[in-house]
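Let me begin by presenting the structure, written as structure tokens, before commenting on it.
The values are calculated or read from the model by the stated rules, or taken from the named source; none is laboratory data. Nothing here was measured: the structure is a model prediction, and the numbers come from that model. A quick note on method: Cβ atoms are made from the backbone with ideal geometry, for glycine too, and the neighbour counts reach across all protein chains shown.
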Amino acid sequence: MNKYQLLISVLDSIIAEAQIVSDRNIYNISNEESANQARSRVMIHLFLRTRFGLIDFIEAESFITEGGGDGGLDAYYIDQENKTIYLIQSKFRTSETNFENVPVAGYELFKMDLGAIINGNEHGQDGEAFNGKIQGFQRKIREISEIGRYRYCLVFLGNIPSNLDPVRLNHISGNVCNDVQVINGKETYKQLLLPYLQSDFYNKKEFVLKIKANQSQSNRINYAVNINGQTVNINLSFIPTLEIAKMMNEYKNSLLKFNPRCYVGIKNGGVNQKINNSILQTESNEFSLLNNGITIICNDFQYSDRNAEPGVATLLITNPQIVNGGQTAFTLSKIFSEKGDEIFSNKEVLVKFISLNQEQTPEQNALIEKISEATNNQTPVELSDRKSNDQTLIDLQNYLFENHGLLLERKKGEFYDTLSKNIITKDKIISKDQIMRLSFVINGRVAEARSYANEKLFKDYPLPSIDFGELFKIITIYKYIEAFLQRTGSQDERFRVAEFGYGLKYGKYAIAFVIFNISKNSTDEIDVVVENVKNQWLGFETAMANEVQNSDYFDDGFNYANYYKGKTINKDLIDYFELGEAN
């Protein structure tokens, strides 16, 4: 499945939602033509979800104006927070090549009659009356009291002709916008598809949380500290668990960018199940005592109890990021989505808000990393988790997706949401642990690739010295080898012992190492190299079982399980297959 197919999978999942909640005929799919018409429309939904967090289908549908009399405007969005009105035009293509490369015909652009719409005209230049959705949009503009402070932004989803830049596009469309954004086919993958698959979007700036206000005792603690000349404000407040649950349920991974962990699924036992039980199996506020709390970094924190609501105060949080307690927040959100809000009554969680300035300096990023490491003690934070925000891993994730449509899971649970909805399958994902093992294979450390535990893999961390192109090659080879496994039958049948000996059971990294190095200097296609190596593997195992340096592996027969992670395997592979100076 390539990037375009992943996109189609996402669009089809949104269509499936539409078929449940919408009675519009366009979402009734009867053939490929009707499917493509529906995909064209929900492409706008994808943009509205990833850019503005409009995950409620009916709400997002209300912003779509596409249809007869739309004046060339397919959708709009009024961003009150940033005082920007977005005018959206979308051109979906029904094949991968066309979607990524073929520009829209020039005459299509001249159909945009945005000037007439913004000026409040009832008809377009062609004399056709604007439809009800456009008239509703015009009415909303008239109702904005501070319209003079708003900016217009044209968003074009699709490929434009090479001789047409955003300035000229704005001129063609009526010259009414202060800004123009073109998201072409390839940028769609990067800006819309990948963040959607990661549930890493919904970039909301300000959050309002409601807490109890008690005049007889303080419900919060404030403290300011100076760190290297920077003032850091700290606030501790007990927040209703329902507020955290709703926030996390809607905004998911976008709140966990600085957290070493991600949106992790609840598992039997362990900390998540304990959190789950402490909400579901108690009626009092024991949760505030039993849970270690949540740490949130933000750019600003404002408290007010002057809101005409007795016993309630509001907290205005700007750009919050959960650096500790992500599993708590996730579990609360999962309970909320399954059980509703009544179960959270009178249950609170202690939240530490750390307010930093908005400058993204290296010193501030280092401070955030320190805070993240120091506060993540509710469950052990493995070194692999702490490496999840390493820049090399981030760059590799982007490279694998943009060039090969492969999803690297930097953080555990990064693709949990889309996996659980069957939008993607596990075979499209490779974990960072597997990446590390294959990096060891490239460096000729086959035994270590198989034997090292998680902590050791990331302690050595060879990734920064590995070429991304070579890494994708070894990934491809390894997947090729895994495809040889039988899905049914006895152990011997599953691992095809008659053909591979114990190579598929214990030595996949060894086989990958040999194929990788032989293919470097071979003109043969990879499948030919694989077949040649496969045909030699039984001979290799037989020969190595009779070598004196491998006598330690005899214990009621030759122990291949230990041999493939032992001290002789690296050199044996190089010598037997004459790999010369292989790493």
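So the values come out like this:
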| quantity | calculated |
| --- | --- |
| Check on residue 142, surrounded by 11 or more Cβ atoms within 10 Å (Cβ to Cβ) and more than 23 Å from residue 46 (Cα to Cα) | no |
| Elements of type helices (runs of 4 or more DSSP H) in segment 63-142, at least 3 residues being without any contact (Cβ under 8 Å) to a residue 24 or more places away in the chain | 132-142 |
| Residue in segment 172-222 that is modelled with the lowest pLDDT, counting only those that are under 30 Å from residue 243 (Cβ atoms) and of a type in the set (Ser, Thr, Tyr) | 216 |
| Subset tally (residues that are buried (at least 18 other Cβ atoms within 10 Å of the Cβ), over 13 Å from the mean Cα position of the chain (by Cα) and modelled with pLDDT of 90 or more) for segment 384-404 | 3 |
| Filter pass, residue 470 being under 26 Å from the mean Cα position of the chain (by Cα) and under 19 Å from residue 403 (Cα atoms) | yes |
| Residue in segment 553-573 that is under 19 Å from residue 448 (Cα atoms), among the polar types (S, T, N, Q) and either in contact with a Cys (Cβ under 9 Å, 6 or more places away or on another chain) or not in a helix (DSSP H, G or I) (or both) present | yes |
| Odd one out for residue 487 among (1) more than 19 Å from residue 578 (Cα to Cα); (2) in a helix (DSSP H, G or I); (3) among the basic types (Lys, Arg) | (2) |
| Tally, over segment 47-62, of residues that are without any contact (Cβ under 8 Å) to a residue 24 or more places away in the chain, within 13 Å of residue 88 (Cβ to Cβ) and part of a helix (DSSP H, G or I) | 1 |
| Members of segment 516-526 that are assigned to a helix (DSSP H, G or I), out of contact with any helix residue (DSSP H, G or I) (no Cβ under 8 Å at 6 or more places or on another chain) and modelled with pLDDT under 95 | 520 |
| Any hit, segment 1-23, residues being under 17 Å from residue 98 (Cβ atoms), in a helix (DSSP H, G or I) and in contact with an Asp or Glu (Cβ under 7 Å, 6 or more places away or on another chain) | yes |
| Any chance residue 40 is assigned by TED's automatic domain parsing to the domain that holds residue 185, in contact (Cβ under 8 Å) with a residue 12 or more places away in the chain and farther than 18 Å from residue 179 by Cα | yes |
| Selected residue (only one of 86, 76 is closer than 27 Å to residue 22 by Cβ, touching a Leu at 6+ places or on another chain (Cβ under 6 Å) and modelled with pLDDT of 90 or more) | 76 |
| Those residues of segment 22-51 which are in contact with a helix residue (DSSP H, G or I) (Cβ under 7 Å, 6 or more places away or on another chain) and of a type in the set (Val, Ile, Thr), in sequence order | 26, 29, 42, 50 |
| Count of residues meeting criterion [polar (S, T, N, Q) and either within 15 Å of the chain's Cα centre (by Cα) or closer than 14 Å to residue 316 by Cα (or both)] in segment 231-248 | 2 |
| Filter result for the condition that a residue is in contact with a Leu (Cβ under 9 Å, 6 or more places away or on another chain), without any contact (Cβ under 8 Å) to a residue 60 or more places away in the chain and over 28 Å from residue 383 (Cα atoms), over 501, 489 | 501 |
| Those residues of segment 516-542 which are surrounded by 14 or more Cβ atoms within 10 Å (Cβ to Cβ) and hydrophobic (A, V, I, L, M, F, W, C), in sequence order | 516, 518, 526, 529, 530, 533, 537, 538, 540 |
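Every residue, every condition in (1) exposed (fewer than 12 other Cβ atoms within 10 Å of the Cβ); (2) acidic (Asp, Glu); (3) in the same structural domain as residue 175 (by TED's automatic domain parsing); (4) closer than 18 Å to residue 64 by Cβ, yes or no:
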position	(1), (2), (3), (4)
90	no, no, yes, yes
93	no, no, yes, no
98	no, no, yes, no
121	no, no, yes, no
146	yes, yes, yes, no
